[in-house]
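What follows draws every value from the coordinates through simple rules; no lab data is involved. All figures in this text were calculated on a predicted structure; none of them were measured in a lab. All Cβ positions, even for glycine, are placed from backbone atoms using ideal geometry, and neighbour counts span all protein chains on display.
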Amino acid sequence: GDSVTQMEGPVTLSEEAFLTINCTYTATGYPSLFWYVQYPGEGLQLLLKATKADDKGSNKGFEATYRKETTSFHLEKGSVQVSDSAVYFCALSAYNNNDMRFGAGTRLTVKP
Amino acid sequence: NAGVTQTPKFQVLKTGQSMTLQCAQDMNHEYMSWYRQDPGMGLRLIHYSVGAGITDQGEVPNGYNVSRSTTEDFPLRLLSAAPSQTSVYFCASTRDRGRTGELFFGEGSRLTVL
């Protein structure tokens, strides 16, 4: 079945460091890909998404490119801030919300 | 601007007790769903609803019941709690249930079953 694998954390970085969180997927068809973020004490919220191959999603300085050839959707940010400390979830949806699959989540801590 | 509201935020139960997790949304979304979040496993779909009076099972429905009498509310019932149901539960909703739709989540309900 469809699945998402993302790098295990936790990840600890210093402020202004470069961030990469790896995400690969297995799916039939052509899924949409998402990154959701969960800040402490809050629910998940959509960070960015891409709905077809070669699309780049971007938001708040974060970017991810839908790579069909490598079945990947890695999350990147050039300069992280303390306020980026959160848990990041990669997810895919092949047909509709019922089949959305989430990765296990990667906890990021950014230190001043 | 409430969005998706879940209550309670924390709950401790003894094995065999029952309880209901409440979820309400004020965005007039037809689609609502319940997930559980367990360490190392991401979120897994328990039950979902595509509109009032319509519910269906997700990936891990055993031990849970749902109903949808109004567009706004989607309660999750645990009939006889078990330690395996210790988890964080999230309610979500969306207007667009296609593969590109964004889910809006509540803040979560942390349940411990002793």
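Determine, from the Cβ-Cβ distance of residue A:3 and residue A:70 and an R0 of 25 Å, the FRET efficiency 1/(1 + (r/R0)^6), rounded to the nearest 0.05.
On the way: r = 16 Å, r/R0 = 0.63.
Computed FRET efficiency for residue A:3 and residue A:70: 0.95.
Counting other Cβ atoms within 10 Å of each Cβ, which chymotrypsin sites (Phe, Trp or Tyr not before Pro) in region A:1-48 have at most 15 and sit in a DSSP loop? Before the final figure, lay out each step's value.
Values: sites: A:18, A:25, A:34, A:35, A:36; in loops: A:18.
Sparse-neighbourhood loop chymotrypsin sites (Phe, Trp or Tyr not before Pro): A:18.
Count charges around residue B:25 for me, please; just the other residues with Cβ under 11 Å from its Cβ, Lys/Arg as +1, Asp/Glu as -1.
Working: positive: B:95; negative: B:26, B:30, B:72, B:73.
Every neighbour counted, the sum reads -3.
For residue B:73 and residue B:7, calculate 0.36 nm times their separation in residues minus their Cα-Cα distance, and state this gained length in nm to one decimal. If you can, show how the numbers build up before the last one.
On the way: separation 66, 0.36 × 66 = 23.76 nm, distance 1.16 nm.
The span from residue B:73 to residue B:7 would gain 22.6 nm if fully extended.
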Identify all lysines with a Cα-Cα distance to residue A:111 below 16 Å; exclude those on the same chain that are fewer than 8 residues away in sequence.
A:77
A correct fewest-to-most ranking of A:21, B:54 by other Cβ atoms within 10 Å would be B:54, A:21
Residue B:14 paired with residue A:83, simple spin-label distance in nm, labels 7 Å along Cα-to-beta-carbon:
4.7 nm
The answer for the net charge of residues other than residue B:46 whose Cβ lies under 13 angstrom from its Cβ, with Lys and Arg +1 and Asp and Glu -1, is 0
Treat the count of other C-beta atoms within 10 Å as a stand-in for reagent exposure and order B:10, A:89, B:74 from fewest to most.
B:10, A:89, B:74
Loop sites in region B:13-85: trypsin sites (Lys or Arg not before Pro), DSSP, at most 15 other Cβ within 10 Å
B:14
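Please check chain A for the longest run free of GluC sites (Glu not before Pro) that are loop-located per DSSP (anything but H, G, I, E, B) and have at most 11 other Cβ atoms within 10 Å. Intermediate values should be presented prior to the final figure.
On the way: sites that count: A:16, A:69.
In short, A:17-68.
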If you take each beta carbon of peptide B:90-102 and count the beta carbons of other chains within 10 angstrom, what is the mean?
5
Measure off 7 Å from each Cα along the Cα-to-Cβ vector at residue A:28 and residue A:111, then give the distance between these two points in nanometres to one decimal.
4.7 nm
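Could you check how many percent of all C-alpha pairs in region B:1-78 are farther apart than 14 Å? Present the calculation step by step, with values, prior to reporting the outcome.
Numbers: 1894 of 3003 pairs.
The calculated P(r) of region B:1-78 puts 63 percent of pairs beyond 14 Å.
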Based on the Cβ-Cβ distance of residue B:26 and residue A:58, what FRET efficiency does E = 1/(1 + (r/R0)^6) give at R0 = 35 Å, to the nearest 0.05?
0.75
Can you list the lysines whose alpha carbon is less than 17 Å from that of residue A:52, not counting same-chain residues fewer than 8 positions off?
A:68
